[in-house]
Every structure is written in structure tokens, then in C-alpha cells.
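Take a look at the structure set out below.
None of the figures in this text is laboratory data; all of them are computed from the coordinates on show. Keep in mind it's a predicted model, so treat the numbers as computed, not measured. A quick note on method: Cβ atoms are made from the backbone with ideal geometry, for glycine too, and the neighbour counts reach across all protein chains shown.
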Amino acid sequence: MSAIRLLVLGAVRQRHRAHGYQVRGDLETWGAAEWSSAKPGSIYHALKSMARHGLLLAHETAPSEAGGPPRTEYELTADGEREFFALLRAALSSADETTDVLTAGVGFLVDLPRAEAIALLRRRVAALEEWRADIRRRWTPDESEDWGHIAEIGGMWEHRAESAERWTRGLIERLEGGAYVMAGERRAETGPGAVDPGEELT
């Protein structure tokens, strides 16, 4: 899976309707260009491509009163909404997604209900446990074998699996403890108004 599709769909979804410059600016605040392929050209290409494939609806806007050029604004279609959540669920539950995809998934974590996010992360833990067990089976030399430095490869992979599992379990614990405002939740307040998605509970 490519992170760019999840990032762009999620950024448009957060604004409900957005033009390319806004999407680019939002992703730049995440530093996405540093850890993913979300460069300006890739963002504009993804917007146009997903509009052609029915995931985004393109709206042509009038030129601004200040004389600026017209912009194309995008919003998610029903298919785009389904694609966003399918990508998000895959990013959070898989043990073998690349770091950029997992990072994008964590960025939109609060768009899911708490119970669903926890369930997806538990699936990731189970997959990581299975991966670690498989590494041990295939990369542990017999007593009669001397793999030399090649045995370090298995150790490196097992360390990565253990580290990823530990981080995921920690996130699950934080979510179970009430961290963050998830989809469908509101903080108990004396005044009116919805909370901002992603605002941490205190």
C-alpha cells in the first residue's frame, strides 16, 4: 500500500472540502514529505487520479476577487470514504506495512471509534507475534550449524518485531485508559461545542 493515497484522502476528509494547496499545507505541517512520498507533485497527481477513479469529487471554483486563478476543490465520494477507512484499517492492523503507511494510519487514528481502533491494533499485535515466532523457527541455527554473521539478520528482525509489538501494546493501553478523543466521542464540558478530533483527554 502507498501512504500517499491514505494521506491525501484523510487530509481532504478532515476539511470536508479542500483544494490542493490546502492539502499540501496540512501534510507539510505533519512533516509528511520527510517520511513519505507526499511531495507536492505526488499530492496533486494523487488528487487528480483519485478524482478520475471516483474517489474524489472535483469542484471548479471561481477566481478570487483578488485576481487569483480558479482552484479545483475536492471532497470524498462515498467510494472515497470507503477507501479511506479500508486503507486506515489495513495500516493499523498489519504487521508488515511500511513505516510511512503505519505513520499515516496513526495520524488518522482518531477517525475511528475507540473500540475498533483497539481491535485493529490487537490484530497487529497478533500478527507481530506470529512474525516473531516464524523468525525464530527459520532463523535459529541448530547446535551443529555455524551461520556466522548471517545469524545477526534473524536477531535484527526479531528485535524489530519485539519493538513494534511493545509500542503497539503501549498504544492499546493508552487508548484503553481514555487517551485522545476518538470518533463519536465528546469530552464532558460545561460549555457547548464539539471537541476537536485528536484532542487529548485530561
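Odds and ends about this structure:
- The shape of segment 3-106 can be summarised by an equivalent ellipsoid whose semi-axes, obtained from the alpha carbon gyration tensor, come to 25, 16, 10 Å from longest to shortest.
- Distant-in-sequence amide contacts of Ser94, defined by a placed amide H-H separation under 5 Å and a gap of 5 or more residues or a different chain, comprise nothing.
- Both radii are taken from the alpha-carbon atoms of segment 110-176; with Rh as the Kirkwood radius, Rg/Rh is 1.17.
- Förster-model FRET efficiency, 35 Å R0, Ser2 and Ala115, C-beta, rounded to 0.05: 0.80
- As a size descriptor, the averaged projected area of the C-alpha convex hull of the chain was calculated at 15.4 nm².
- Neighbour-limited loop hits for chymotrypsin sites (Phe, Trp or Tyr not before Pro), segment 68-124 (at most 10 other Cβ within 10 Å; DSSP other than H, G, I, E, B): none
- Neighbours of Leu92, meaning other residues whose beta-carbon lies under 9 angstrom from its beta-carbon, give a summed charge of +2 when Lys and Arg score +1 and Asp and Glu score -1.
- Helical segments meeting 20 Å axial Cα length and Kyte-Doolittle 0.0 threshold in the chain (DSSP H): 78-93
- Full-stretch length increase - Ile153, Arg123 - with 0.36 nm per residue and alpha-carbon distance subtracted: 8.3 nm
- Relative contact order %, segment 3-106, counting alpha carbon pairs below 8 Å whose residues are six or more apart: 32 percent
- Distance (nanometres) between label positions extended 7 Å along Cα→Cβ at Arg160 and His59: 4.3 nm
- Under 5 Å, built H, 5+ apart or other chain: amide partners of His19: Tyr74
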